[in-house]
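A quick write-up on the structure given underneath.
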Amino acid sequence: MDPPLTIVHVPGLAVFEPSGSGFQLFLGNALRAPLLSAQREYDWARKYRTDQDVQAAHELVFAHIRFVHRIAREYLCYGIGLKDLMQEGTVGLMQAVKRFDPDRGSRLATYAQWWIRAAIHSFIQKSWRMVRIATTRVKRELFFKLRQLKNDAAPLTREEAQELAIRFGTDADTVLDVDGRILGSDISLNQPSLHDTSEPIQRIADERPNQELVAIASQQKDLIQQCIQLGLESLSYRDRLILQQRHMVDEPQTLESLGQQLQLSRERVRQLEKRAMENLKKYLLHAKHAHQLMTDLAC
């Protein structure tokens, strides 16, 4: 059994939501609801605007569901169910009720139609294709107008596109692009081709790093770090400190700062750094353990 009508709560508004077969009951009740007089509509609108009365908003929304129904039926040609279209249109109506100012002198239906259509347009563009068809204002307008203007499903010619481009204030390439997207369809990457049983997604190059090469590079890095660590441990504490502070930290110390720390002159620190670097190189070239590591690295 389908669930009954439920109440949808949004900031400041409430409206019945159709679900399952309850949609027909909801729609029937809404279409039979009496129309609001201009004075009654004004009173409800003022009550909601000044007091944030949810019941007043509900009365306004429910009384205009027939208006949402009429607009939604205009878009059935896009292959989307009436229930879905009305649900999105009702969201637009609710937004219109939230922003409607009755003191401006217009009726709610006149103001709300733009919100209803905008909500339905947005829903159609998101749902009609997996890939978005219209990404700019001009393309969104063309998406709906081209379907209304064309008499058949044949693609537009360059001449026809140029005429429409002048009408909509754009260029022929944009018109042809939108027309091609409308006529095209989504193709799954898992759909086999006519002459090849493999799936297209299997023929797409994998641009991720080769995991074997990544593992080798990581191993080589570890071996190098082990070699350097063994070499540092062969040095005196002072020489090791100088090399670490000069070459193995994010912000290397200057000769002057190291000289102050070790109570040595700048020139003496430079000499010790040079000697320590030479001793480290000798160790890496001749030490037994380092030699074995370098041999493994070469392999």
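If we keep just the residues of region 200-215 that are at pLDDT below 80 and of a type in the set (A, V, I, L, M), which is nearest to M277 (Cα to Cα)?
So the residue we want is A205.
Please indicate, with yes or no, whether at least one residue in region 276-298 is modelled with pLDDT of 80 or more, surrounded by 14 or more Cβ atoms within 10 Å (Cβ to Cβ) and of a type in the set (D, E). Talk me through it step by step, then tell me what you get.
Initially, region 276-298 is screened for residues modelled with pLDDT of 80 or more, giving 276-283.
With surrounded by 14 or more Cβ atoms within 10 Å (Cβ to Cβ) added as a condition, the list becomes 276-277, 279-280, 283.
Applying the additional criterion that residues be of a type in the set (D, E) yields none.
Scanning region 276-298, I find no residue that is modelled with pLDDT of 80 or more, surrounded by 14 or more Cβ atoms within 10 Å (Cβ to Cβ) and of a type in the set (D, E), so the answer is no.
Got at least one residue in region 100-113 being buried (at least 20 other Cβ atoms within 10 Å of the Cβ), under 22 Å from E141 (Cβ atoms) and of a type in the set (A, V, I, L, M)?
Yes, there is a match, as at least one residue in region 100-113 is buried (at least 20 other Cβ atoms within 10 Å of the Cβ), under 22 Å from E141 (Cβ atoms) and of a type in the set (A, V, I, L, M).
Here is a yes/no grid of residues against (1) surrounded by fewer than 19 Cβ atoms within 10 Å (Cβ to Cβ); (2) in contact (Cβ under 8 Å) with a residue 40 or more places away in the chain; (3) not charged (D, E, K, R):
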site: R40; (1), (2), (3): yes, no, no
site: Y48; (1), (2), (3): no, yes, yes
site: Q52; (1), (2), (3): yes, yes, yes
site: A72; (1), (2), (3): no, yes, yes
site: G79; (1), (2), (3): yes, yes, yes
site: M94; (1), (2), (3): no, yes, yes
site: V97; (1), (2), (3): no, yes, yes
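Hey, among the residues in region 119-139 that are closer than 30 Å to A63 by Cβ and buried (at least 17 other Cβ atoms within 10 Å of the Cβ), which one's modelled with the lowest pLDDT? Steps first, answer last, please.
Narrowing region 119-139 to residues closer than 30 Å to A63 by Cβ: 119-127.
If we keep only those that are buried (at least 17 other Cβ atoms within 10 Å of the Cβ) as well, we get 119-121, 123-125.
Values: A119: 90, I120: 89, H121: 83, F123: 85, I124: 81, Q125: 74.
Residue satisfying both the conditions and the ranking: Q125.
Restricting the search to region 80-121, which residues are part of a helix (DSSP H, G or I), among the hydrophobic types (A, V, I, L, M, F, W, C) and under 22 Å from A38 (Cα atoms)?
Applying the first criterion (part of a helix (DSSP H, G or I)) to region 80-121 yields 82-99, 102-104, 108-121.
If we keep only those that are among the hydrophobic types (A, V, I, L, M, F, W, C) as well, we get 82, 85-86, 91, 93-94, 96-97, 108-109, 112, 114-116, 118-120.
Listed by number, the residues that qualify are L93, M94, A96, V97, L108, A109, A112, W114, W115, I116.
The values are calculated or read from the model by the stated rules, or taken from the named source; none is laboratory data. Since the model is a prediction, treat every value here as computed from it, not as a measurement. As a convention, Cβ positions derive from the backbone with ideal geometry for all residues, glycine included, and neighbour counts pool all protein chains shown.
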